[in-house]
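Reviewing the structure listed below.
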Amino acid sequence: MRCLALAQHLTMLGHRCTFYVAATEGNLAEWIQSQGIPLVLLPQSPAPISSNPANEAWLSCSLEQEIARFQKALGQHRLDWLVLDHYGLDKTWIEATRSLYRHILAIDDLADRSLPCDGVLNPSASSDDYQSLLKPSTAKLLGGEFALLRSEFSQYRELSLTRPRQQLQRLLLNLGGADNDNLTLALAEILEHALPPQIRLDILTGPTYRHGASLAPLLARKSNWCHWHAQASVAPLLCDIDLAIGAAGSSAWERCCLGIPSLMMIQADNQIAICHYLEAAGAAMIFSPPTLETQLSKAVQILPSMASQAATLVDGRGCARVSQWMEQRHAI
């Protein structure tokens, strides 16, 4: 979603953007195309992974095959900018494809590999995290001010910040993605017993969530609970939320922009840094299913301060800042 947010902003400025996406399950290709952004599917290779990069688990084929299929997709075309958002691609991939684009911006969350790029964007990192990984000439776009959010969040920020959030009245559950293990249901069942009956729960699921039917019995028992699925715009809903239970991806920055504190669960390695960053900032607390009820009780007691801290981290103008930097870099 962060790449889509940046693409939409660049398109608004008059630039032409195209997504190059691997033909794998859960790639959000249909969702991207529905937003009017052109997309090229990179064919899936049946061959097994043969290379051994540091982040091999993020690859759907070998590094050599990743290079070959991108080169084939571009042909003789040369890009002004490549925005790379892929944890499995590193210095080897970048150097092998460097003739295909003039500039490259890498979006990262791991700070664990060399990225010879014009710039690296990581909202939850500091310069020290990349001290031995980047060239001195690489621009470091670090901190929440560079979080890439869709325009709706800056538009609704002022309205959302007027909500007092002094006490818990509405709670959001939003784990994002496909949620293959249906943790949404597991956490909702914990909340059924943990929440006072007057608290409203809004369950928000994305377009690739396929377990909606499993929530039906629970929702039938809780008349003030609601399930929202594949919403084109979520900011209006979030403006009425006091506290969110959610994943630690782009949605975490969206919640901060609107002044919404979070309980966050680490579901993958790329979420570790942002969880600890937001917890250290006082905007979130980390939980696991066994500790959900305890952490929820703690968060309710300090809800106003968590909300205030969250709002200071992100203002929703990250896409504008990054777009301006890209235009200036290209003009040099």
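The values are calculated or read from the model by the stated rules, or taken from the named source; none is laboratory data. Because the structure is a prediction, the values reported are computed rather than measured. With ideal geometry, Cβ positions are generated from the backbone for all residues, glycine too; neighbour counts draw on all protein chains shown.
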**Asked** Can we say Glu158 is surrounded by fewer than 19 Cβ atoms within 10 Å (Cβ to Cβ), touching a residue at least 24 places away in the same chain (Cβ under 8 Å) and within 23 Å of the chain's Cα centre (by Cα)?
**Response** no
**Request:** Could you please give the count of residues in the range 259-281 that are among the small types (Gly, Ala, Ser) and buried (at least 17 other Cβ atoms within 10 Å of the Cβ)?
**Result:** 3
**Request:** Check off (1) without any contact (Cβ under 8 Å) to a residue 60 or more places away in the chain; (2) on the phi < 0 side of the Ramachandran plot for Gly282 and give me the number that stays unchecked.
**Result:** (2)
**Fill in**
Residue set Leu41, Leu13; condition surrounded by fewer than 17 Cβ atoms within 10 Å (Cβ to Cβ), more than 20 Å from Asn270 (Cβ to Cβ) and touching a strand residue (DSSP E or B) at 6+ places or on another chain (Cβ under 8 Å); output residue Leu41
**Fill in**
Of those in the range 105-128 that are touching a residue at least 40 places away in the same chain (Cβ under 8 Å) and farther than 18 Å from Met326 by Cα, the residue surrounded by the most Cβ atoms within 10 Å (Cβ to Cβ) is Ser124
**Request:** Tell me which residues, restricted to the range 35-59, are under 20 Å from the mean Cα position of the chain (by Cα) and either at pLDDT below 90 or among the charged types (D, E, K, R) (or both).
**Result:** Asn55, Ala57, Trp58, Leu59
**Request:** Test Arg221 against the criterion of being at pLDDT 95 or above and crowded, with 16+ Cβ neighbours inside 10 Å, and give yes or no.
**Result:** no
**Message:** Condition (residue is part of a helix (DSSP H, G or I) and either more than 21 Å from the chain's Cα centre (by Cα) or at positive phi (or both)) applied to the range 142-152: is it met by at least one residue?
**Reply:** no
**Asked** Between residues in the range 199-219 that are touching a residue at least 40 places away in the same chain (Cβ under 8 Å) and residues that are among the small types (Gly, Ala, Ser), which pairs lie under 8 Å by C-beta distance while being six or more apart or on different chains?
**Response** Pro207/Ala230; Thr208/Gly26; Thr208/Gly177; Thr208/Ala178
**Asked** Counting only residues that are in contact (Cβ under 8 Å) with a residue 40 or more places away in the chain, closer than 10 Å to Pro123 by Cα and of a type in the set (Gly, Ala, Ser), how many does the range 136-155 have?
**Response** 2
**Item:** Only one of Ser323, Ser250, Ser308, Ser262 that is among the hydroxyl-bearing types (Ser, Thr, Tyr), in the same structural domain as Ala139 (by TED's automatic domain parsing) and in contact (Cβ under 8 Å) with a residue 40 or more places away in the chain
**Value:** Ser323
**Request:** Confirm whether Ile67 is out of contact with any His (no Cβ under 9 Å at 6 or more places or on another chain), part of a helix (DSSP H, G or I), without any contact (Cβ under 8 Å) to a residue 24 or more places away in the chain and not small (Gly, Ala, Ser).
**Result:** no
**Message:** I'm trying to understand the selection: among the residues of the range 287-327, which are in a loop (DSSP other than H, G, I, E, B) and surrounded by fewer than 16 Cβ atoms within 10 Å (Cβ to Cβ)?
**Reply:** Ser288, Ile302
**Message:** Can you tell me which residue is surrounded by the fewest Cβ atoms within 10 Å (Cβ to Cβ) among those in the range 161-180 that are out of contact with any helix residue (DSSP H, G or I) (no Cβ under 8 Å at 6 or more places or on another chain) and not acidic (Asp, Glu)?
**Reply:** Thr162
